[in-house]
Structure formats: C-alpha cells, structure tokens
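Remarks on the structure that follows.
The values are calculated or read from the model by the stated rules, or taken from the named source; none is laboratory data. Here the structure is a predicted model, which is why all the values come from computation and not from measurement. Note: ideal-geometry Cβ built from the backbone for every residue, glycine included; neighbour counts use all protein chains shown. Accessible surface areas use protein heavy atoms only, side chains included; no ligands, DNA or RNA. Shrake-Rupley method; radii C 1.70, N 1.55, O 1.52, S 1.80 Å.
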Amino acid sequence: MNSFLRKSFVSSSRNSLLKIVAVATAGSGFLCANCNSNYETRVSLSIPAQLRELGLLPWQFSEVSTAHPSFIPAGFWNLGKFWQFSSRVSPEPAGIRCLGRDSIANAAAKVGPAVVNMSVPQGFYRIAAGKSVGSGTIIDADGTILTCAHVVADFQGMRPSSKAKVGVTLQDGRTFEGAVVNADLHSDIAIVKIKSKTPLPAAKLGSSSKLHPGDCILSLGCPLSLQYTVTAGVVSCVDRKSSDLGLGGMHREYLQTDCSINPGNSGGPLVNVDGEIVGINIMKVIIADGLSFAVPIDSVIKIIEHFKKSGRVVHPWLGFKMLDLNDMIIAQLKERDVTFANVKKGVLVAMVTPGSPADRAGFHPGVVIEFDGKPVESIKEIIEIMSDRIGKAIKVVVKRANDETAILTVIPEEANPDM
C-alpha cells in the first residue's frame, strides 16, 4: 500500500487530482467538495494519521487544471478550474458535513460510558410482581440520570413514587442504588440520582430542533439487559403527534426513527452523529418494524426546568382537540363547506370535551387565530404560550363559519395525572 502511494506522488505523469483520489481511496481519507455558482470548486481532503507519517504531505496548489475523465458526462465537462487543493487534518470545512466510516462509532463512544442499565422491583400492595428493566443516561458529574417514568415509577395507583429504589449498572461494571427524584407520567420522563465517590461519565445534551427527516441517528441502551447495545438509523419524522399514534390525553410530539429498539431500551438516549443526546427512547410499534419513538430533548430540557422550579411538571388543560392548518387543508375545508372561516392561518378546534374549561368558555369548532393577544399558527405555539399557567384567564380570538369572530375567555385547569 505504501509503495503504491509513493509511486502515485513521485510520478510526474499523474495529475494532482488523481493523487488526491489515490490517497482518499487507498487510505480511507475523505474527499469533500463545494461548488459555487461560477463553477469554481474547493476540494478538501481529510488524511488519516497513518498516511501523514509517510512524509508525503502536505500539498498546496494555488490552481490546478484537470483533464476531462472519460467517465464524467459531457454535461459536466465545463467545470473550469479546481481552486486550492489542500490537505486537511482538522474538522471539515464550514458548511460541509462528511460522514466517515467512523462517524457512528465515534458518536457512540462519546455517549456510551454514560449509558446505564436500570432495574426496579415492581409489585402491587407489597406483593412482588417481577422487575422493570430499562436504560438511562448520566447527564452530569453529580449522578443525575435521565430515563423513562414507566421504567422507574411505582405504578400502584398510577402514581410515581419518589421512594422507589433503582438498581443502576454502568458500562464499566460499577453498580449503584439510585433514587427516583422526579417522574412525570404525562411525558414519561423521570430523573434518578446516584451518588459516587469516583468520577462519573456524563453525556452532552444537544438540540432536537436541529434535526431533519433523513438525518443519521443512533439509539443506545440495554435491550433485554444486554449492556451497551448500539443501533443506527435515520430520523423518520421530527414532529409525530400523539394523536397520529392513537394516544389519548394531552397533546405530545415525538421523534420517529427507524432505529431498532426492544424491551429494555426505554429511557436510553437517541444520539446524533456529534455524540449529543437529542431524544429519550420511549416506545416502539410492536406489530411493525422500523417504527420507534422518542421524546425530543428540547421538551425534556423544559421538563427538567419544571422539576427544578416546582418539583413536578404542571400541565394546563383546556379540553379541545386541535389541528394545525396549512394552505392545502384550508382549501380542502372550504371545498367541503363554503361557510368555513375565511382564514389563511390558525389552529382548527375540531372537537370540544363536554364539561371542560373550553366547553364552559363557549368553544365549539372554529379556527383560533389569536391566543393571549398573540397570533398563532400551530398547536406548539399555543402550548408554549400556556406554559404552566393554571387558573389564569386567557383571551382567545376564534374565527367561525360565515366569518363570525368570537372573543372568548378560557381558564386552564391542571390536567388530571391519570389522563
């Protein structure tokens, strides 16, 4: 291999582009290119350490012209000149993401040591009824662990118990007894705490808002108590609604992926290629493959803030089902009903629960266009405006059939924990 590479560099009959491709191919380097509107191209090459030790680098060419390879379609021949070939050992150029053969392994290695196996004895009325197993992730050096509420909660009466003790096993074999500090059954997120006299590994929290369908993603956990299991896939949907999954109760949104998860993965992290947690694995569809769901880390961060502020998560409840509107849905609704409100944006109130705060305020099907004095276009905006406001009046502007405008005042109640 070294002999082949040296010949590639010594031979003056080889053009510079061939030399670069030779290294990228033979040495598993990564070739990145970026073209502008003037067909000028900047090419950057990431070279493994083994090849840099050959003493053949670096190059620096201010301007290189290339012949037209026979395998390139004629439509691409007029590429002009390649500008500034340069070897790169540092991260890839700004605006260019290169997914190398070690990208997934490196991301898993960053988070893996912080992923733990969790087990909790379960029972009803002090009668043993098996053991709940799941996963979690240490997120700080003080031993704070993120996991799922259904893994660690005491389900007697469907109430999380802060007295529950949790068996925690780290990847390095250390074992601890953890205590459930907080648990929220609505979001299915819980916090467990362990104490250690020696340093604990911790994973970094990322941002789920930066994810897009098709992004590479990893799932780590302990399925069937198999320590440190890694699976990979892509993000399938960034805002799968709980109603899409036939789940009742409050509105929730999940990340949908095709990562393989199994019993024991619950509470484990969903990780991006930068080695950051972007979600907490929560469930899968049993009768289908490649349908897994996670709580977005942005939502989890807000839940943690609630825990710190009041020791629990406050969930306001209005009592109506909503639907985000777009141009196509509005056009279709107008085709079906010529009296439908003349709106370009808003949130459709599709159904009102009898006896709910919304019902008492006079809501019935229509389009919410303002909520607490602010224009709204999505359910997420309404939820963010409500935040944890319980018992405080909120003014809502609704457009109804025949362009009737109604101004209603609704007072949110706290959601029933058993919903």
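Please report the base-10 log of the normalised intensity I(q)/I(0) for the range 306-419, using a Debye sum with one equal scatterer per alpha carbon and no solvent, at each q in 0.09, 0.16, 0.18 (1/Å). One equal scatterer on each Cα of the range 306-419 leads to -0.25, -0.73, -0.89.
Taking a sphere under 14 Å around the Cβ of ASP337 and counting the other residues whose Cβ falls inside, with K and R at +1 and D and E at -1, yields a net charge of +1.
The Cα center of the range 226-273 and the Cα center of the range 317-366 differ in position by 29 Å. So if R0 is 41 Å, what FRET efficiency would SER356 and ILE287 give, r being the distance between their Cβ atoms, rounded to the nearest 0.05? Rounded to the nearest 0.05, the efficiency is 0.80. Label sites at LEU226 and SER260, each approximated as a point 7 angstrom past Cα along Cα to Cβ, lie 0.7 nm apart. Tally Lys and Arg at +1 and Asp and Glu at -1 over the other residues with C-beta under 12 Å from the C-beta of ALA350: what net charge comes out? Spelling it out: positives minus negatives among the neighbours equals 0. Taken along the Cα-to-beta-carbon direction at a fixed 7 Å, the label points for LEU247 and ALA393 span 3.5 nm.
Counting only protein heavy atoms and a 1.4 Å probe, the range 328-406 has 55 square angstrom of accessible area per residue.
Any chance you could run the full-extension gain for THR198 through LYS309? It's 0.36 nm times the residue separation minus the Cα-Cα distance, nm to one decimal. Write down the numbers at each step before the final one.
Numbers: separation 111, 0.36 × 111 = 39.96 nm, distance 2.87 nm.
Answer, rounded to one decimal: 37.1 nm.
Rolled with a 1.4 Å probe across the full set of protein chains, the surface gives ASP337 an accessible area near 70 Å².
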